[in-house]
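Shown next, in structure tokens, is the structure this report addresses.
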Amino acid sequence: MPFAAVHAPQSSAALMEAPRKVSFPRRLRFLGVEGFDVYNITTPFSCGGRMYIAGRVEKRENEMSFVRLFEQSGGDEYTAVYPKLSFQRLQDPFVTVVQGETVLGGVQIITHPLDEKRIISWQTLFFKGKTPEEFRLFAVGPSCMKDIRLCEMADGRIAVLTRPQGKKGGKGKIGFTVLDQLKDLCADTILDASIDPSFFLPEEWGGANDIHLLKNGMLGVAGHIACRTAEGLHYRSMAFALDPCTGAHSPLRIIACRSDISSSPASKRPDLKDVLFTGGIVRRGNGQATLYTGVSDCESWRADIPDPFDVYEE
């Protein structure tokens, strides 16, 4: 389905007025990391013939996190595996498959040399391998950039969505570029991405979390849109389609907010009560999908939603 390209952003409050359908939310349980929270997970992914979820693991009272792999051991229960494969000081993992290899990434936090509890910077790390044991670091993103996501397109090239901040990106905008090969991924090529100001208002921000190659060659993107009010931070799960030939994108749609997923009061901090950090979407067919998401920086949930990308494949 063709779409009218968006040229001006809408506020998250305006986007919240559109109807949403979220059903059967359920919390995921993670074993083998007792005393730690697991949140900001990936969707389930296959690697080396087994299914995993990668999750951010950390104590409730700090952000000194690490990333572990978990294998399904029950309906919504996952157990930590590969105890030696712990990605220290890594946050917010993501996963995709590019050119036959699993690419696992996350945000590495950098602390002050004289105060290890004080985070002063961060960068995105990219690992690849055909099995978890083979994961090796192959690329590092620019300093202070999160939410860099990859997707192999039908012609074999690599679509890259970025999220610069500061002078170029303000509170956080979405950039887009295309690479010929995975080996071209580096800080310089990521910084060269074209920035689209039509995603978010200057006082708001967001980013891509999960990219799907659609049947017609367009990209279906699940991400987040965020703002801050006197009550705290507000992160909502959103989705849009992007035409990789032109860089144009469809209107953003909020597909879930915190109250759609859970009424639990659990939260890492009081200002994070209204936070969903999108992990990604599993498309199930027949117009249905499952959303995987972190909740309030302390829990992981999944819920059923209408497939937000079906309309663009009709």
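The values are calculated or read from the model by the stated rules, or taken from the named source; none is laboratory data. All figures in this text were calculated on a predicted structure; none of them were measured in a lab. Every residue, glycine among them, receives a Cβ derived from its backbone with ideal geometry; neighbour counts consider all protein chains shown.
Below are the figures for this structure:
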{"quantity": "Matching residues in the range 43-58 - criterion: being within 21 Å of the chain's Cα centre (by Cα) and of a type in the set (D, E, K, R)", "calculated": "ARG56, GLU58"}
{"quantity": "The range 61-102: number of residues that are under 17 Å from LYS130 (Cα atoms), touching a Gly at 6+ places or on another chain (Cβ under 9 Å) and among the aliphatic types (A, V, I, L, M)", "calculated": "3"}
{"quantity": "In the range 62-76, the residues that are charged (D, E, K, R), modelled with pLDDT of 95 or more and in a loop (DSSP other than H, G, I, E, B)", "calculated": "ASP76"}
{"quantity": "Counted residues, the range 1-32 - those being part of a loop (DSSP other than H, G, I, E, B), touching a Leu at 6+ places or on another chain (Cβ under 9 Å) and buried (at least 16 other Cβ atoms within 10 Å of the Cβ)", "calculated": "4"}
{"quantity": "Qualifying residue in the range 286-295 (condition: of a type in the set (S, T, N, Q), closer than 23 Å to GLN91 by Cβ and touching a helix residue (DSSP H, G or I) at 6+ places or on another chain (Cβ under 8 Å))", "calculated": "yes"}
{"quantity": "Matching residues, the range 74-104, being of a type in the set (Lys, Arg) and over 20 Å from the mean Cα position of the chain (by Cα)", "calculated": "LYS84"}
{"quantity": "Residue satisfying all of: in the range 269-282; touching a helix residue (DSSP H, G or I) at 6+ places or on another chain (Cβ under 8 Å) and surrounded by fewer than 24 Cβ atoms within 10 Å (Cβ to Cβ); farthest from HIS234 (Cα to Cα) among these", "calculated": "LYS273"}
{"quantity": "Cβ-Cβ under 7 Å pairs, at least 6 apart or on other chains, the range 75-94 side within 11 Å of TYR52 (Cβ to Cβ), far side surrounded by fewer than 21 Cβ atoms within 10 Å (Cβ to Cβ) and among the β-branched types (Val, Ile, Thr)", "calculated": "ALA80/VAL33"}
{"quantity": "Any hit, the range 47-55, residues being surrounded by 15 or more Cβ atoms within 10 Å (Cβ to Cβ) and in contact with an Asp or Glu (Cβ under 7 Å, 6 or more places away or on another chain)", "calculated": "yes"}
{"quantity": "Strands (runs of 3 or more DSSP E) contained entirely in the range 77-182, each with at least 2 residues that are over 23 Å from PHE200 (Cα atoms) and modelled with pLDDT under 95", "calculated": "101-112, 115-129"}
{"quantity": "Selected residue (only one of GLY105, GLY129 is surrounded by 18 or more Cβ atoms within 10 Å (Cβ to Cβ) and either touching a strand residue (DSSP E or B) at 6+ places or on another chain (Cβ under 8 Å) or under 23 Å from THR278 (Cα atoms) (or both))", "calculated": "GLY105"}
{"quantity": "Evaluation of ASP115 against (1) buried (at least 19 other Cβ atoms within 10 Å of the Cβ); (2) out of contact with any strand residue (DSSP E or B) (no Cβ under 9 Å at 6 or more places or on another chain) (one fails), failing number", "calculated": "(1)"}
{"quantity": "Segments classed as strands (runs of 3 or more DSSP E), wholly inside the range 237-314, with at least 2 members that are over 23 Å from LYS146 (Cβ atoms) and free of Cβ contacts under 8 Å to residues at least 60 places away in the same chain", "calculated": "274-285, 288-295"}
{"quantity": "Of all residues making up the range 294-309, the number that are in contact with a Ser or Thr (Cβ under 8 Å, 6 or more places away or on another chain) and over 10 Å from THR43 (Cβ atoms)", "calculated": "11"}
{"quantity": "Count - residues of the range 33-52 that are free of Cβ contacts under 8 Å to residues at least 60 places away in the same chain and not in a loop (DSSP other than H, G, I, E, B)", "calculated": "4"}
{"quantity": "Leading residue by the ranking (surrounded by the most Cβ atoms within 10 Å (Cβ to Cβ)) among those in the range 144-165 that are more than 23 Å from SER237 (Cα to Cα) and without any contact (Cβ under 8 Å) to a residue 40 or more places away in the chain", "calculated": "ARG157"}
{"quantity": "Unmet criterion (only one of (1) within 20 Å of ASP297 (Cβ to Cβ); (2) in contact with a helix residue (DSSP H, G or I) (Cβ under 7 Å, 6 or more places away or on another chain)) for ILE109", "calculated": "(2)"}
{"quantity": "Restricting the range 187-244 to residues that are hydroxyl-bearing (Ser, Thr, Tyr) and surrounded by fewer than 24 Cβ atoms within 10 Å (Cβ to Cβ), the residue that is farthest from SER262 (Cα to Cα)", "calculated": "THR189"}
